[in-house]
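Let me begin by presenting the structure, written as structure tokens, before commenting on it.
The values are calculated or read from the model by the stated rules, or taken from the named source; none is laboratory data. Here the structure is a predicted model, which is why all the values come from computation and not from measurement. Cβ: placed from backbone, ideal geometry, glycine included. Neighbour counts: every protein chain shown.
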Amino acid sequence: MTQEDARFVRSRAALVAAVVELLDEGTDAAQLSITDIVGRAGVSRPTFYKHFDDTAALIREAALRRLQSAFDRIPSVGDDPSWPTFVRGTLRALLGELAADAPFYRAALESSFGLLTGDIIAYLATRLLESSPLGPVIRRRRGPDTPQDRAEFLAAGAMWHVTRWLFAAAEVATPAEATTAAGTAADARASIDELVERLSSLLLASSGATVAELDALRVEHARS
């Protein structure tokens, strides 16, 4: 990598880190200015425009990077896990990450809902095809639609439910309704567990798969 390339990578990373910090601190995405961002990142305004057309484009990249990092931190559930093990291990960990960074994700979705949602759906569809027990089922289904089409349909439904959950949590998390720290944590865990089971049921129903079919595929794969 040349020195110029290294500077480009560093300045882009600095801009992403800056917007994450600002949104985590509670800055309203609609009020976020390029001046605020470059000041925090320690780069110039022309440098910003070398990387992004506007703040919405930067927020989209920051959100996707953070989501990818969240997936990377999910503990392994082993090779060929059962559907309940996969769903409860992967989704519970992922939703916990989203809950911890909920103000950031809400701000990111509000700033560029349509484009960011499309990016996330495409990313989740790839994860469903490549990293979940549903992948082989989605690929085997016959019909006029491609596996990518089916995966994107499932991902879009999951995205809708998770988005509603994120914003519903913001509506009830007011100081007047807050309880003890322990009670709040217990409520958060219950909310996550409820959504995990809901998503598990909906993904199976919408894909046409059954737990028995997924178990049979696991056995088939182990024998191959």
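Whether any residue in segment 34-51 is among the polar types (S, T, N, Q) and within 20 Å of the chain's Cα centre (by Cα) is what I want to check.
Residues of segment 34-51 that are among the polar types (S, T, N, Q), as a first pass: 35, 44, 47.
With the extra rule that they be within 20 Å of the chain's Cα centre (by Cα), the set shrinks to none.
Scanning segment 34-51 turns up no residue that is among the polar types (S, T, N, Q) and within 20 Å of the chain's Cα centre (by Cα).
Against the definition (touching a residue at least 24 places away in the same chain (Cβ under 8 Å), more than 30 Å from ALA6 (Cα to Cα), buried (at least 16 other Cβ atoms within 10 Å of the Cβ) and of a type outside the set (D, E, K, R)), how does LEU67 come out, yes or no? Steps first, please.
Values: touching a residue at least 24 places away in the same chain (Cβ under 8 Å): yes; more than 30 Å from ALA6 (Cα to Cα): no; buried (at least 16 other Cβ atoms within 10 Å of the Cβ): yes; of a type outside the set (D, E, K, R): yes.
Spelling it out, it is not the case that LEU67 is touching a residue at least 24 places away in the same chain (Cβ under 8 Å), more than 30 Å from ALA6 (Cα to Cα), buried (at least 16 other Cβ atoms within 10 Å of the Cβ) and of a type outside the set (D, E, K, R).
Just for segment 191-224: of the residues that are part of a loop (DSSP other than H, G, I, E, B) and without any contact (Cβ under 8 Å) to a residue 12 or more places away in the chain, which one is surrounded by the fewest Cβ atoms within 10 Å (Cβ to Cβ)? Spell out how you get there, then give the answer.
Step one: list which residues in segment 191-224 are part of a loop (DSSP other than H, G, I, E, B), which gives 208-210, 224.
Within this subset, residues satisfying the condition of being without any contact (Cβ under 8 Å) to a residue 12 or more places away in the chain are 210, 224.
Values: THR210: 13, SER224: 5.
If we take residues in segment 191-224 being part of a loop (DSSP other than H, G, I, E, B) and without any contact (Cβ under 8 Å) to a residue 12 or more places away in the chain, then SER224 is surrounded by the fewest Cβ atoms within 10 Å (Cβ to Cβ).
Residues that are modelled with pLDDT of 95 or more, on the phi < 0 side of the Ramachandran plot and in contact with a His (Cβ under 9 Å, 6 or more places away or on another chain): list the helices (runs of 4 or more DSSP H) wholly contained in segment 1-63 that include at least 1 such residues. Spell out the reasoning first.
Working: elements: 3-24, 34-41, 45-51.
In segment 1-63, 3-24 are the helices (runs of 4 or more DSSP H) which contain 1 or more residues that are modelled with pLDDT of 95 or more, on the phi < 0 side of the Ramachandran plot and in contact with a His (Cβ under 9 Å, 6 or more places away or on another chain).
Quick check: anything in segment 161-182 surrounded by 14 or more Cβ atoms within 10 Å (Cβ to Cβ) and modelled with pLDDT under 85?
Within segment 161-182, one or more residues are surrounded by 14 or more Cβ atoms within 10 Å (Cβ to Cβ) and modelled with pLDDT under 85.
For segment 141-169, how many residues meet the condition of being more than 15 Å from LEU195 (Cβ to Cβ) and either touching a residue at least 40 places away in the same chain (Cβ under 8 Å) or not aliphatic (A, V, I, L, M) (or both)?
Let us first name the residues in segment 141-169 that are more than 15 Å from LEU195 (Cβ to Cβ), namely 141-156.
Adding the requirement that they be either touching a residue at least 40 places away in the same chain (Cβ under 8 Å) or not aliphatic (A, V, I, L, M) (or both) leaves 141-150, 152-154.
Total satisfying the criteria: 13.
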